[in-house]
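Derivation of every value follows stated rules applied to the coordinates shown; laboratory data play no part. Model, not experiment: these values are computed from the prediction.
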Amino acid sequence: MNIQHAGLAMLGWAEWFEKRVEQAPDEGNIARVAAVDRDMLLVINQDGIFRAKLAGRYHYEHHLTQELPCVGDWVRVEKQPTDDFGIIHALVERKTVLRRKSAGESIEHQLIAANLDFVLIVQSCHLDFNVNRLERYLVMVSDGGIEPYILLTKTDLITPEILAYQLAEIEAAGITAPVMTLSNVTREGIDTLNKLLQPTKTYCFVGSSGIGKSTIINSLLGRSRLLTGDVSGSGEGRHTTVRRELIILESGALVIDNPGMREFAILGAESGIDNSFSDIILRTSSCRYRNCSHTNEPGCAVFEALRCGYLNQERYNNYRKLKEESEFYQMSYVEKRKKDRDFGKFIKAAKQRSKG
Ligand SMILES: Nc1nc2c(ncn2[C@@H]2O[C@H](COP(=O)(O)OP(=O)(O)OP(=O)(O)O)[C@@H](O)[C@H]2O)c(=O)[nH]1
Ligand SMILES: [Mg+2]
Ligand SMILES: [Zn+2]
């Protein structure tokens, strides 16, 4: 490794990146993006943490969201000791990237974080547990070429029997990613997690809002550094974390906290739609047919509400649009799984043939 880059190893810099920058023109020093705040970035290297902006030319030459630095990225930044902030000239090729589809019809991807070694998919056992959603996160993580871990939190709020049942459900779904359980209240499981996190590796925490992601990281830090929120009685959280941030733990592991994900576009989560359109969902229980699609069936309570003016046409249109979008994502997810399964069968058959 380049001797000047040796100090970056504790931030996750590795031979893989080194090979990719050798040919690049020298445009300042290497640093890692720790946070992005609109057009101001927080970057970190062996000299410490400082603010930096993209060079005008960079903006001019790169337009796609994917080309802009995100948390975890390595960049080339130029900064004189007297400058208020550094100037970012280039992005180092990404080893892995976690991204999701943007909401709406755009096919653009929204970047969550780059150069991750592991993603911790967090769910609370209490009112948040959902195997389908877990599977969708797993697809997103494997799409990014990253290793997943599953982390079930708030075990203090449920009985050991329910927890055992949830673990069995994960296993029954054929999910092979390692599963860990913990409680930030009893601190059961915190030590195991702490030991699992390796120095110089980067871990990203993802999951719904209010399930305890920031609380875990605070527990690992041993002090309250991140803002955590109170959860309403229903168990549904408010968004407390508003930005992604790369943090170095005392153990040397690098962790990225994330705001809770509610956008269902990536996940196609029906429940996300149902939450925001509870007024419509309530009416559907009075539809004549149980499998009413609320588009043209006789005796549809949603249509009746529209006709009588109890329900706003625009709101109904939004509901339909999101519903269709979510069905679309769901479909492509199922197709993807099918493809994986077929491929698995193919490999198995090939192995059998070579044995026989
Ligand atoms: N009972 C119980 N409560 C917990 C546990 N972990 C976190 N909480 C509480 O859950 C609430 C939400 O925790 P946060 O850490 O802010 O959740 P978050 O996932 O970071 O939420 P966002 O930042 O909105 O994505 C806080 O009131 C925590 O005290 C746990 O293991 N058990
Ligand atoms: Mg948080
Ligand atoms: Zn209906």
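Under 5 Å between amide H atoms, partner at least 5 residues away or on a different chain: which partners does Glu245 have, H built in plane at 1.01 Å?
Asp257
Taking H as built 1.01 Å from N, whose amide H comes closer than 5 Å to the amide H of Leu54, not counting residues under 5 places away?
The list, which skips near neighbours in sequence, is Ile88.
Can you work out ³J(HN,Hα) from phi for every residue in region 59-66, in order, using Karplus 6.51 cos²θ - 1.76 cosθ + 1.60 and θ = phi - 60°, giving whole Hz and x for Gly and Pro?
Once rounded to whole Hz, the list reads 4, 5, 8, 10, 10, 6, 3, 5.
Over 29 Å between Cα atoms: which of Lys19/Lys79; Lys201/Lys321; Lys53/Lys95; Lys19/Lys201; Lys154/Lys201 fall into that group?
Long pairs (Cα-Cα over 29 Å): Lys201/Lys321.
Could you pull out every residue, at least 5 positions away or on a different chain, whose amide H is within less than 5 Å of the one on Ala253? Hs are placed 1.01 Å off N in the peptide plane, and Pro or chain starts have none.
Thr200
Measuring from centroid to centroid over Cα atoms, what is the spacing of region 171-196 and region 275-312 in Å?
Here the answer is 41 Å between Cα centres.
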